[in-house]
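The values are calculated or read from the model by the stated rules, or taken from the named source; none is laboratory data. These numbers come from a predicted model, not from an experiment. Don't worry about glycine lacking a Cβ; one is built from the backbone with ideal geometry, like all the others, and counts go over all protein chains shown.
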Amino acid sequence: MRVNVNVNGEDMTAENVWPGESLLYVLRERLGLPGSKNACEQGECGSCTVYFDGVTACSCMIAAGQAEGRAVRTVEGLAEEPGKGSDRTLGTVQDAFVEAGAVQCGFCTPGLLVQTDDLLERTVGAGKGAPDDAEIREALAGNLCRCTGYEKILDAVRLAAGRRAESGAAHE
Amino acid sequence: MEFLSPSTLEEALEAKSAHPDGVPIMGGTDVMVELNFDKRRPSTLIDLARVPELGEWGTDGDHTRLGAGVPYTKIVEHLSRSAPALAKASRTVASPQIRNRGSVGGNLGGASPAGDAHPPLLATDAVIELASVRGRRRVPAREFYLSLRTTARQDDELITAVLLPEPKGPQQFAKIGTRNAMVISVAAFSLALDAEKRTVGTGLGSVAPTPIRAEEAEEFLAAEFDWEGATLPSESLVRRFGELVASVTRPIDDQRGTAQYRTHSMAVMARRALTWSATEYRKGVTRCA
């Protein structure tokens with residue numbers, strides 16, 4: 001089947017798709033977007049987290065056909081000024097992960113970035129203030145880091161939340 | 001494999017009637033695991049995500065009508081007052097990403113004895129709505145689960161909604177797992193008190209081939225509970241209730257836990273749920289007085 005899907009603001013078409021394959025497979029193998037990672041293929045690890053019509057989901061659990069006509073935002077779409085390679089300007093959450101040393105092997109990072117972006121959108125972005133540690137842990141409970149670098153990841157989320165709150169205040 | 005995308009319930013029912021072995025998919029949190037791991041190759045997938053009715057909820061007489069495809073996140077956000085036990089259970093489902101996609105209809109379709117939604121549906125005497133091209137019918141949750149992963153649903157039927165009675169007293173849910181997130185329950189328990197009818201409902205998960213009730217425990221507690229709310233249940237009453245709940249379990253040993261542990265944990269959860277409920281009940285009675 002053919003699947004038309006808007007990814008990171010761009011209308012894309014994948015041809016010869018087997019209807020039972022996952023959106024994750026479509027993104028990585030057919031649309032050339034390998035940012036979302038394939039680790040567990042059963043929703044346990046969160047490495048393939050994307051926004052699906054504005055709501056975060058594991059893209060390994062969405063059938064390709066279900067994505068027809070929908071809007072997907074992947075880790076590649078988090079950069080504030082998408083560009084190629086080193087010309088790309090990172091988003092607040094991405095910068096914070098780099099600065100806090102929250103990236104070790106990097107496999108879980110794309111999923112954590114998307115899920116963190118969503119958390120900040122729902123908290124700081126909705127005028128509710130920065131999330132506390134319990135909220136952060138709850139929001140990221142479905143993202144596993146097998147390097148077990150959770151302390152640095154929490155640092156990064158706090159850093160990003162603080163910056164996002166500041167920049168929000170500066171805009172007002 | 002054929003992929004069907006009905007956009008109305010009528011079309012969906014026709015698709016299911018034409019392909020009774022077709023597998024409905026909504027959030028995909030169960031179905032996609034089977035496809036990804038080659039455990040299942042259905043001839044037809046029926047995508048229900050474009051059927052608006054399945055994603056809606058609202059009041060239906062003295063019930064809340066919950067569309068079978070409403071994700072757990074929405075239940076937690078919107079139904080914590082109208083369906084407290086189910087909302088509490090929904091909060092314990094997997095992770096945020098899974099709660100954004102998974103739904104009660106999927107739990108009922110798969111009918112795993114470990115499904116988190118089942119104990120609250122049993123305890124609160126919820127009703128399941130099934131539909132086919134032949135029409136709609138309603139089956140009480142208490143008559144829905146027949147044997148391991150087998151339910152009252154016929155092959156040509158889709159699960160369209162769950163009807164949740166308006167709560168008339170405290171409702172609780174407890175679940176045992178190795179961590180808070182991403183846990184398939186080792187054992188789960190739900191308790192609902194109905195102060196108007198003076199009845200008790202229970203639901204037990206992961207301790208038998210199907211989700212089950214503990215009817216003798218329900219009758220015992222309904223008779224012994226201080227419905228006037230003046231006294232908290234005695235220690236011996238609480239212990240006896242726990243014993244009666246645990247006595248109906250028929251668990252197995254598996255990688256998540258032993259049968260013995262499951263039975264023991266059921267007694268502990270039943271005692272706790274009763275204590276929480278009685279405390280909440282007394283507060284309610286005091287407020288009304």
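All of (1) within 10 Å of chain A (Cβ to nearest Cβ); (2) out of contact with any helix residue (DSSP H, G or I) (no Cβ under 7 Å at 6 or more places or on another chain) hold for B:Thr64 with one exception: (1). Based on this model, can you work out whether A:Leu24 counts as under 16 Å from the mean Cα position of the chain (by Cα), part of a loop (DSSP other than H, G, I, E, B) and modelled with pLDDT of 95 or more? So A:Leu24 fails the test. Go through region B:93-135 and give me each residue that's among the hydroxyl-bearing types (Ser, Thr, Tyr) and within 11 Å of another protein chain (Cβ to nearest Cβ). Residue satisfying the conditions is B:Ser95 alone. Annotation note: Cβ proximity below 9 Å between a residue of region B:126-144 that is not assigned by TED's automatic domain parsing to the domain that holds B:Asp155 and a residue that is at pLDDT 95 or above (sequence gap 6+ or interchain) occurs for no pair. Among residues that are in a helix (DSSP H, G or I), of a type in the set (Asp, Glu) and either within 22 Å of B:Ser147 (Cβ to Cβ) or assigned by TED's automatic domain parsing to the domain that holds B:Ala85 (or both), B:Glu280 is not included. Would you confirm whether or not region A:84-98 contains a residue that is surrounded by 14 or more Cβ atoms within 10 Å (Cβ to Cβ), within 14 Å of chain B (Cβ to nearest Cβ) and under 13 Å from the mean Cα position of the chain (by Cα)? For region A:84-98, residues surrounded by 14 or more Cβ atoms within 10 Å (Cβ to Cβ), within 14 Å of chain B (Cβ to nearest Cβ) and under 13 Å from the mean Cα position of the chain (by Cα): absent. When A:Thr116, A:Thr148 are checked against the criterion of being surrounded by fewer than 17 Cβ atoms within 10 Å (Cβ to Cβ), assigned by TED's automatic domain parsing to the domain that holds A:Gln104, of a type in the set (Ser, Thr, Tyr) and free of Cβ contacts under 8 Å to residues at least 60 places away in the same chain, a single residue qualifies: A:Thr148.
Note on region A:6-34: among residues that are charged (D, E, K, R) and within 14 Å of chain B (Cβ to nearest Cβ), the one that is surrounded by the fewest Cβ atoms within 10 Å (Cβ to Cβ) is A:Glu29.
With respect to the conditions (1) in contact with a Gly (Cβ under 6 Å, 6 or more places away or on another chain); (2) modelled with pLDDT of 95 or more, B:His264 falls short on a single one, namely (1).
As for region A:59-67, it holds no residue that is outside any helix (DSSP H, G or I), within 13 Å of the chain's Cα centre (by Cα) and not aromatic (Phe, Trp, Tyr). Considering region B:50-121, the qualifying helices (runs of 4 or more DSSP H), each wholly inside and each with 2 or more residues that are buried (at least 24 other Cβ atoms within 10 Å of the Cβ), modelled with pLDDT of 95 or more and of a type outside the set (Ser, Thr, Tyr), run over B:84-91, B:96-99, B:104-110.
Of all residues in region A:48-77, those that are within 8 Å of another protein chain (Cβ to nearest Cβ) and under 15 Å from A:Asn143 (Cα atoms) have Cβ atoms under 8 Å from Cβ atoms of residues that are of a type in the set (Asp, Glu) and part of a helix (DSSP H, G or I), 6 or more apart or on another chain, in A:Thr56/A:Asp118. Among the residues of region B:133-151, those that are in contact with a strand residue (DSSP E or B) (Cβ under 8 Å, 6 or more places away or on another chain) and under 18 Å from B:Gly205 (Cβ atoms) comprise B:Pro140, B:Ala141, B:Phe144, B:Tyr145, B:Thr151.
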